[in-house]
1. How do the helices (runs of 4 or more DSSP H) wholly within the stretch 69-174 filter down when requiring 2 or more residues that are at pLDDT 90 or above: which remain?
2. Confirm whether Ala39 is of a type in the set (A, V, I, L, M), modelled with pLDDT under 50 and closer than 20 Å to Glu108 by Cβ.
3. Within the stretch 175-216, how many residues are modelled with pLDDT of 90 or more and part of a loop (DSSP other than H, G, I, E, B)?
4. For the stretch 46-67, state whether one or more residues are at pLDDT below 50 and out of contact with any Lys or Arg (no Cβ under 9 Å at 6 or more places or on another chain).
Amino acid sequence: MPLLVPLPNPVLPVPPPVHPPVALTAALTAALPTALTAAQVQDDAEAATVVRAAGGDRAAFAQLVQAHQGYLRRLLRRLCQGDEARADDLAQEAFLKAWRGLPAFRGEARFRTWLTRLAYSALSAERRALPSAPALDSELPDVPVSDFAPGLSWRLDLDRALATLKPRERDALLLCFLGDLSHVEAAQALGWPLGTLKTQVLRARHKLRVHLQAWHPELR
């Protein structure tokens with residue numbers, strides 16, 4: 001290790017530092033390392049589970065399915081505009097591909113990002129093979145409360161607003177917000193350049209502001 005040499009005292013007088021309240025300092029000092037450690041432990045634990053699953057450990061893979069299936073099905077239901085059966089089929093296909101592909105998974109992205117990429121690839125292939133789905137009309141059925149916010153009226157208006165987006169705009173927005181992926185992770189999952197992802201998100205957000213002005217008049 002390099003030898004640490006103490007620096008000499010500065011020549012010019014330095015004003016005394018302003019210290020934050022003792023209680024706040026103590027709280028931050030105690031909480032921050034704990035939070036970082038917990039996140040690191042969680043990431044390390046999942047990485048170890050992925051390694052075991054890649055080696056053929058079915059119990060380890062079941063843990064991954066349990067941890068991510070709720071997220072993936074919610075996201076796919078949104079991407080499929082409420083078609084739950086289609087979303088569940090795509091989720092099952094993504095998990096099957098993940099099980100078969102895990103031995104080649106290099107861990108360059110989070111498992112969730114890679115899983116989302118597999119699911120989106122399956123969705124894209126299905127879209128190319130099927131005719132375009134019709135846009136949602138004003139007679140939307142009563143379905144469970146939105147993943148975004150409670151309230152029937154807000155949910156219906158949000159669903160209608162999302163239906164006006166182009167598929168690429170809607171996909172980018174949903175992966176970043178409902179999928180809780182960073183822009184970099186969403187771009188990886190979609191297979192797009194980062195700049196393309198950011199452009200689609202900006203366009204989608206602008207259109208939603210226009211369609212949802214009644215809920216947020218300050219956005220006019």
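1. 84-101, 111-129
2. Considered against the rule, which asks whether it is of a type in the set (A, V, I, L, M), modelled with pLDDT under 50 and closer than 20 Å to Glu108 by Cβ, Ala39 comes out as yes.
3. 5
4. no
The values are calculated or read from the model by the stated rules, or taken from the named source; none is laboratory data. Only a predicted model underlies this, so the values are computations on that prediction, with no experimental measurement involved. Glycine gets a Cβ as well: all are built from the backbone with ideal geometry, and neighbour counts include every protein chain shown.
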